[in-house]
Amino acid sequence: MDPTTGLTQAESRELENRLNKRQVKEFMNLFGNLVDNCFTSCVDDFTSKALSGRETGCISRCVLKSMATQTRLSERFAELNASMSAELQNKGR
Amino acid sequence: MSLFGFGKAQPTSAERISAVENELKVVAEMHTRMVKICTLKCVDKTYREGELSKGEAVCLDRCSAKFFEAHQKISDHLQQQSQQQGGGFGMGA
């Protein structure tokens, strides 16, 4: 069930406002985590101050793979969450 | 909303917005945790490839399903416990 049912239009708009603000924050978080993860996994040689070709390649593969992971898990999450709420509703609430 | 019955005071607008916001927050948090944990468990961090391998993809699918099942099981357990002990998450009295 859509949890936003039961809110007035003005309330929905206020909620949307708050969610938009959160989304910006979450995106920054995601970006920060991506940098942390890929940097940690790919860069461990500090004999030069420039990223090596190997490190650069590793970072771009890391970004691609992380996004693929995120997408796949989000799809599964949506499916599982939908079936879980459907089940909860069948139990009668 | 019949949920709130007639006896109780109607929740204020701010309370209603917060209630929906919290509900969404719980789901978003669960999503973040699941992505973090299943990535850790399934995805090889050497990044020789920019895409998920077949094995990793299958692992992610299974990991997410299991994460949900564990979530459900643990929530059932806690609910049972708290019913037996009349509230609270107390560990064996």
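Treat each spin label as a single point 7 Å out from the Cα along the C-beta direction, and report the B:K54 to B:A70 distance in nm.
Computed distance between label sites B:K54 and B:A70 equals 2.7 nm.
Across peptide A:13-26, what mean number of C-beta atoms from other chains lies inside 10 Å of a residue's C-beta? Could the numbers behind the result be given before it?
Numbers: counts 1, 5, 6, 0, 1, 5, 5, 0, 0, 4, 1, 0, 0, 2.
So the per-residue partner count for this stretch is 2.
Other chains' Cβ within 10 Å of A:58-65 residues: what's the mean?
Taking all residues of A:58-65 together, the mean is 5.
For the pairs B:K25/B:K66; A:K21/B:K73; A:K49/B:K45, note any where the Cα-Cα span goes beyond 25 Å.
A:K21/B:K73
Calculate the mean, over all residues of peptide A:78-85, of how many other protein chain Cβ atoms lie within 10 angstrom of the residue's Cβ.
3
Sticking with the crude label model, points 7 Å out along Cα→Cβ, report the distance from B:S18 to A:E75 in nm, one decimal please.
Distance between label points: 3.9 nm.
Which is farthest toward the positive dipole end of the protein assembly as shown among A:A10, A:S74, B:T12, measuring Cα position about the Cα centre, with Cβ charges +1 (Lys, Arg) and -1 (Asp, Glu)?
Of the candidates, A:S74 comes out farthest on the positive side.
Starting at the first residue of the range A:39-49, write each ³J(HN,Hα) from the Karplus equation 6.51 cos²θ - 1.76 cosθ + 1.60 with θ = phi - 60°, in whole Hz, x for Gly and Pro.
5, 4, 6, 9, 10, 9, 10, 10, 8, 9, 9
Return the distance in nm (one decimal) between the two label points of a simple spin-label model at A:Q9 and A:M84, each offset 7 Å from Cα along Cα→Cβ.
Each label point is offset 7 Å from its Cα along the Cβ direction, giving 3.4 nm.
Report A:M84's accessible area, 1.4 Å probe, all protein chains in place, as a number in Å² to the nearest 10.
40
Restricting attention to the range A:36-91, which chymotrypsin sites (Phe, Trp or Tyr not before Pro) occupy a DSSP loop and are surrounded by at most 11 other Cβ atoms within 10 Å?
On the way: sites: A:F39, A:F46, A:F77; in loops: A:F46.
Of the chymotrypsin sites (Phe, Trp or Tyr not before Pro), the ones in loops of the range A:36-91 whose Cβ has at most 11 other Cβ atoms within 10 Å are A:F46.
The values are calculated or read from the model by the stated rules, or taken from the named source; none is laboratory data. Just so it is clear, the structure is predicted and the values come from calculations on it, not from any experiment. Heads up, the Cβs are rebuilt from the backbone with ideal geometry, glycines too, and the neighbour counts pull from every protein chain shown. Ligands, DNA and RNA are stripped out before the accessible areas are found, and what is left, the full protein with its side chains, is counted by its heavy atoms. Shrake-Rupley method; radii C 1.70, N 1.55, O 1.52, S 1.80 Å.
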